[in-house]
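Inspection log for the structure reproduced underneath, given as structure tokens.
The values are calculated or read from the model by the stated rules, or taken from the named source; none is laboratory data. If you're wondering where the values come from, they're calculated on a predicted model, not measured in any experiment. Every residue, glycine as well, gets a Cβ built from its backbone with ideal geometry; the counts of neighbours run over all protein chains shown. Surface areas here come from the heavy atoms of the whole protein model, side chains and all, with no ligands, DNA or RNA. Shrake-Rupley method; radii C 1.70, N 1.55, O 1.52, S 1.80 Å.
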Amino acid sequence: MTPADAFFRDVSGYLKPEDVSQLQSAYDFSATAHAGQYRMTGEPYVSHPVAVAQILTEWHLDSQALSAALLHDVMEDTNVTKTELADKFGKMVAELVDGVSKLDRIEFQSHEQAQAENFRKMVLAMTRDVRVILIKLADRLHNMRTLDAMNPKKRVRIARETLDIYAPIANRLGLNRLFQELQELSFKHLYPNRYRVLQKALYSARGNRREVVDKILDGIRHKLADAKIEATVTGREKNLYSIYHKMQEKHLTFSQVFDIYGFRIIVQDVPSCYLALGALHGLYKPIPGKFKDYIAIPKANGYQSLHTTLFGPYGTPLEAQIRTAEMHKIAEAGVASHWLYKQSDAELNELQKKTHQWLQSLLEMQTQSGSSIEFLEHLKVDLFPDETYVFTPKGKILSLPHGATCVDFAYAVHTDIGNRCVAAKVNHELVPLRSELRNGDRVEIITAAHAKPNPAWLNYVVTGKARSHIRHFLKTMQYEESAQLGERLLNQALVALSPKAQKIDDASWDKLLKDQTDKTRQEILADIGLGKQLAIVIARRLLMIGEPEGGSNRLPGTVVIRGSEGMALQFAKCCHPIPGDPIIGYIKKGQGLVVHTHDCIVARKMRSDPDKWLDVEWAPDTRKLFAVNIRLVASNERGVLAKLAAEIAQSEANIDNVSLEPGDSTAYANIHFTLQVHNRLHLAQIMRGLRRIPEVIRITRLKG
Ligand code: MN
């Protein structure tokens, strides 16, 4: 029987016929896609995906996951696309394959402990569906089982990575058997000599012990039967890696670690666990301080059992684990136990939900016992991902908040890198600095010696570090400039409030400065320029005009561009945008945000510098008036201007400026108005009103 035949025999045991035939077509597809490719072992490549899928059948995974396992390398190794997979096998299967492929693409380089931890988090954060991790772990297990075929250097690298990254992930998800095997195989390839020596020692010790073990097993079985406790009792052997680890950690010899007999007792229910414990303690004396109740306080990965160590019959310690069948399932298969022990017709979403609930309950359990903050952190990543993990060019992993951009990354690496960054490459491709980073991205920042932070960055950075450094830089470098801008803005505000434009005397300034405490006049002007204070508010105070109800700059109507509270604001003279117009903002050094209309010709010419442009939108209910230019062609009759002015006044708009120029003939006049209007609707009303005047022939709004 070929491995593929064995696989189909096994899945037929628990999947519906239509699922099996879907797997058959996934297998055919994979075999065709990998045709002509061979593994290092010399077998046709398709033997690998089949072996991976076979491992997953041990957990009774569903047909989607198994299809994805059969197809897991086609995107990476052949030119099959995700769309093609989605068309043939459904969106879900394509998503799973894509998820596994993404994990394949990230490569772990650093060997620092902390980095390994970050890498594990990154792997979990990239996994939206726990089945992706299960496939990836099965993939890794099969690669480890066939590692002999690799060259020694590669073997060590893969084994190290497995021990540092994948085995701990398996452990975290409670996949105990898998965890043990991954550890064992990693140990074997990392330290072949130590492995061989320990293995030899284990074989000879095992032979000597058989009789003793059988005797003890018998004793325990009888004792439990006497106490009327139904139980399965088995002997248990430690794996080599855990013996090795214990020897290293506690400076013990092989026999000190190994001369401990291990037993497992599986009973019906929780009360029986404690009854069995009592019976056992009646049989052999417990060693003080060795008893652990992981039923009342489960381990971080959900593991439950009673652990106790006894003085055995021949002076050797005897370790016992007591648990229910249910606990045993979780101890063996962890997160996968929901698939393994599902009811016959459980729906997939139901399984996903249960898995999620399981993870959730672990979380709560940990919160209550408070024993493993570390684990909580991992689960948080898994359940509520709010961190993004990315690589530096040297392979170090940085964790950034969700939504972080290249600029955040630059500042996270170093303040100087942030202050001097001019461009970024993500996964070797040039991208705009504002690009959001995703898990697993490799980010490279390009700097220039004389580059400076751009105020526009403040609109998209998400880390406090980047924000505060950009602010700090702008504050110091542009202080003078800002103060000048602030003065200009303040004068405008003063004129707007009091058209007679009186000069502000020093006394008014002194009074204001006293109220503001530790600020100088220059600092207040700079604040205005930087947008931290509103010119109109300061102007009111200087003129000693009381503020309207509701107070300072939270007043509705004072902000005209949503989100511009931190910036100085100007409306472009070329296109005169008014509320309702589609708009775009340009960051002009020393002048803050200049707003243009979307179709402004002047703006279009400057679009080549995309980093300086922002999408902006109007704030709701602005109460300000905005300048707008219109041109009107009217028959050149006496009193026409007065008629027009009267109509405009009736519409509650102000006329800022009027100019007349001769038309093509003396019969017509071209009249230019600069009007103050509230918004587009207001302007439309005015234009409609003007059109009703018989002398008016044509009206157009002027832009640019
Ligand atoms: Mn693979």
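Within the stretch 123-212, the ratio Rg/Rh, alpha carbon atoms throughout and Rh by Kirkwood, equals 1.07. For the stretch 163-214, the Cα gyration tensor yields ellipsoid semi-axes of 26, 17, 5 Å (square root of five times each eigenvalue, largest first, whole Å). For the stretch 633-704, carbon and sulfur atoms together expose 49% of the accessible surface, with a 1.4 angstrom probe and every protein chain in place.
Its relative contact order, with pairs defined as Cα atoms under 8 Å and 6+ residues apart, puts the stretch 243-337 at 31 percent. Sites listed here are GluC sites (Glu not before Pro) in the stretch 146-236 whose DSSP assignment is loop and whose Cβ has at most 16 other Cβ atoms within 10 Å: 230. Solvent-accessible area per residue in the stretch 614-703 equals 59 Å², computed with a 1.4 angstrom probe and all protein chains kept.
Averaging sequence separations of C-alpha pairs under 8 Å and six or more residues apart, then dividing by the length of the stretch 399-450, give the relative contact order as a whole percent. So the answer I get is 39 percent.
In a DSSP loop and with at most 12 other Cβ atoms within 10 Å, the trypsin sites (Lys or Arg not before Pro) in the stretch 654-695 are 692.
Shown is the FRET efficiency for residue 697 and residue 91, computed with R0 = 56 Å from the Cβ-Cβ distance and rounded to the nearest 0.05: 0.40. Residue-wise HN-Hα couplings along the stretch 217-231, as the Karplus relation 6.51 cos²θ - 1.76 cosθ + 1.60 with θ = phi - 60° gives them from phi, are 4, 4, x, 5, 4, 5, 4, 5, 4, 4, 7, 6, 9, 6, 7 Hz; Gly and Pro carry x. What do you get for GluC sites (Glu not before Pro) in the stretch 1-81 restricted to DSSP loop and a cutoff of at most 16 other Cβ within 10 Å of the site's Cβ? Answer in residue order: 58. Using 0.36 nm per residue and subtracting the Cα-Cα separation, the extra length available between residue 480 and residue 649 on full extension is 56.6 nm.
State whether the stretch 395-524 is rounded, prolate or oblate according to the following rule on the C-alpha gyration tensor (a ≥ b ≥ c being the square roots of its eigenvalues): a/c under 1.5 gives rounded; otherwise a/b larger than b/c gives prolate, and the remaining case gives oblate. It is prolate, given that a/c is not under 1.5 and a/b is the larger ratio. In terms of Cα atoms, the Rg and Dmax of the stretch 1-50 work out to 11.7, 35 Å. Summarising the amide proton neighbourhood of residue 569: residues at separation of 5 or more, or on other chains, whose placed amide H is nearer than 5 Å comprise 593.
Here the stretch 182-251 is treated as an ellipsoid with the same Cα gyration tensor; its semi-axes, largest first and in whole Å, are 32, 14, 10. Measuring nothing but alpha carbons in the stretch 172-311 and taking Rh as the Kirkwood radius, the Rg to Rh ratio lands at 0.98.
P(r) tail for the stretch 633-704: Cα pairs beyond 15 Å make up 52% of the total. Averaging 1/r across all pairs of distinct Cα atoms in the stretch 401-451 and inverting the result yields a Kirkwood radius of 10.7 Å.
Beyond 20 Å in Cα-Cα separation lie the following of the pairs 215/285; 503/573; 396/425; 475/503; 228/299: 503/573; 475/503; 228/299. Beyond 32 Å in Cα-Cα separation lie the following of the pairs 588/624; 16/329; 465/588; 465/511; 465/703: 465/511; 465/703.
Overall, the anisotropy analysis places the stretch 431-474 in the oblate class: the square-rooted eigenvalues a ≥ b ≥ c of its C-alpha gyration tensor yield a/c not less than 1.5, with a/b not exceeding b/c.
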